[in-house]
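The values are calculated or read from the model by the stated rules, or taken from the named source; none is laboratory data. Model, not experiment: these values are computed from the prediction. With ideal geometry, Cβ positions are generated from the backbone for all residues, glycine too; neighbour counts draw on all protein chains shown. Only protein heavy atoms, including side chains, enter the accessible area calculation; ligands, DNA and RNA are left aside. Shrake-Rupley method; radii C 1.70, N 1.55, O 1.52, S 1.80 Å.
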Amino acid sequence: MTGCSPEPGVAEGPTAGLPPTAGYAATGLDQDVRRLTEVVTRLRRVLRTSIRTDYSWESLPMAQVELLQCLAEKDATRVGELAGRLRLAPNSVSTLVQQLADAGYLHRERDPADRRAALLRLTPAGAAALSGWQRAHERRLGAALARLVEADRSAILTALPALSNLVEALGDRGEPVG
């Protein structure tokens, strides 16, 4: 299956035919949420698999990429804080940190405020690996956007601020965003 619907607005795939999403009545919003879920899932999958031609998957698995992205956003971070931001168990983050430290992508240093704790920092090699991963994704997305008709490309680019707000709303789970 290619994941393409035979006609616009027709849901296919794992969410088709399921009962309404919890908390929603069977409304247009419910159908839109299902379509968005399907598109996001398919987008993540196709990006993850297609990028392997430009950037070796084994060189930087997604869990490591996400951890490096967190460090790039906020350097000098503790394992517990990273675990909270990534919504992972601290022991899982510790394993990722060890892998990335062994690869030379991050280093630990003592927290001056609490000598028992360590702060994690991105190394130049880690920043370069993350940058390479980012450039490979930008090339892949740029090539795909270039193949779209102008109306589709414009619609996607116009939706970016709203999608960014959606990311914030998913992360915050609090006040309305936007």
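Within the range 100-117, the set of residues being assigned to a strand (DSSP E or B) and either in contact (Cβ under 8 Å) with a residue 60 or more places away in the chain or closer than 18 Å to GLU66 by Cβ (or both) comprises just one member, LEU106.
What do you reckon, is ARG44 surrounded by fewer than 12 Cβ atoms within 10 Å (Cβ to Cβ) and modelled with pLDDT of 65 or more? Write out each step before concluding.
Numbers: surrounded by fewer than 12 Cβ atoms within 10 Å (Cβ to Cβ): yes; modelled with pLDDT of 65 or more: yes.
Yes; evaluated as a whole, the condition is true for this residue.
Of all residues in the range 102-111, those being of a type outside the set (D, E, K, R) and farther than 17 Å from LYS74 by Cα number 2. Restricting the range 122-134 to residues that are of a type outside the set (Gly, Ala, Ser) and surrounded by 13 or more Cβ atoms within 10 Å (Cβ to Cβ) leaves a set whose member that is farthest from the chain's Cα centre (by Cα) is THR123.
Consider ALA155 carefully, then state whether it is in contact (Cβ under 8 Å) with a residue 24 or more places away in the chain, open to solvent by less than 70 Å² (accessible area, probe 1.4 Å), more than 22 Å from ALA83 (Cα to Cα) and of a type in the set (A, V, I, L, M).
Details: in contact (Cβ under 8 Å) with a residue 24 or more places away in the chain: no; open to solvent by less than 70 Å² (accessible area, probe 1.4 Å): yes; more than 22 Å from ALA83 (Cα to Cα): yes; of a type in the set (A, V, I, L, M): yes.
Judged against the criteria, ALA155 is not a match.
Looking across the range 59-106, the residues that are in contact with a Phe, Trp or Tyr (Cβ under 8 Å, 6 or more places away or on another chain) and surrounded by 18 or more Cβ atoms within 10 Å (Cβ to Cβ) come down to LEU60, GLN64, LEU68.
Could you look through the range 164-178, keep only residues that are surrounded by 12 or more Cβ atoms within 10 Å (Cβ to Cβ) and touching a helix residue (DSSP H, G or I) at 6+ places or on another chain (Cβ under 9 Å), and pick out the one that is modelled with the highest pLDDT? That would be LEU166. Of the residues in the range 110-120, none is under 29 Å from ARG52 (Cβ atoms), under 19 Å from the mean Cα position of the chain (by Cα) and either open to solvent by less than 80 Å² (accessible area, probe 1.4 Å) or polar (S, T, N, Q) (or both).
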